[in-house]
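Heads up, the thing below is written out as C-alpha cells.
The values are calculated or read from the model by the stated rules, or taken from the named source; none is laboratory data. Fair warning: this is a prediction, and the values are worked out from it, not measured in the lab. So basically every Cβ, Gly included, is an ideal-geometry build from the backbone, and we count neighbours across all protein chains shown. Surface accessibility is based on the protein's heavy atoms, side chains included, excluding ligands, DNA and RNA. Shrake-Rupley method; radii C 1.70, N 1.55, O 1.52, S 1.80 Å.
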Amino acid sequence: QVRLVESGGGLVQPGGSLRLSCAASGTIFSPNVMGWYRQAPGKQRELVAQITSDGGANYADSVVGRFTISRDNAKNTVYLQMNSLERDDTADYYCHYQSRRVVYPTPKTYWGQGTQVTVSS
C-alpha cells in the first residue's frame, strides 16, 4: 500500500508561481512513475506532468515551458514548479504513483487527496 500526501496549492494572481509537493510513503518499488492530473469545473481530467524514477518527464502541451516536474528519490517526493500561471490552470490537482515493475496484473495506481490551485486577479 502507498499513501500520498500533497501540498502547496493556493490562490495566486495570473503570472505568478506555485510549487506543489507530493510525498509517498509505504511500499515503494522501482521503477515507478509519479505526477499530477488536474480537473477543472466543466472539463475532462487531464494529465499535467509525470516523471519516472530515473528522471524521464513528460508534460501536457498546455504547460510546456511553464511547468517543471522533478523528484527526490531519497525522500520519495515529487515536485511541480508552476510558473507563469494562467486562469486556465485553475483546477484541483491530484498526485499519483504507479509501480512500473513488469508484473501481472498491472500494478494499482494510487492517488493523493488533491490540492486546489486558483489563478485569479
Within the stretch 65-75, identify whether any single residue is out of contact with any helix residue (DSSP H, G or I) (no Cβ under 7 Å at 6 or more places or on another chain), hydrophobic (A, V, I, L, M, F, W, C), open to solvent by 50 Å² or more (accessible area, probe 1.4 Å) and over 21 Å from Q13 (Cα atoms), and answer yes or no. yes
Could you please give the count of residues in the stretch 7-22 that are part of a loop (DSSP other than H, G, I, E, B) and open to solvent by less than 30 Å² (accessible area, probe 1.4 Å)? 1
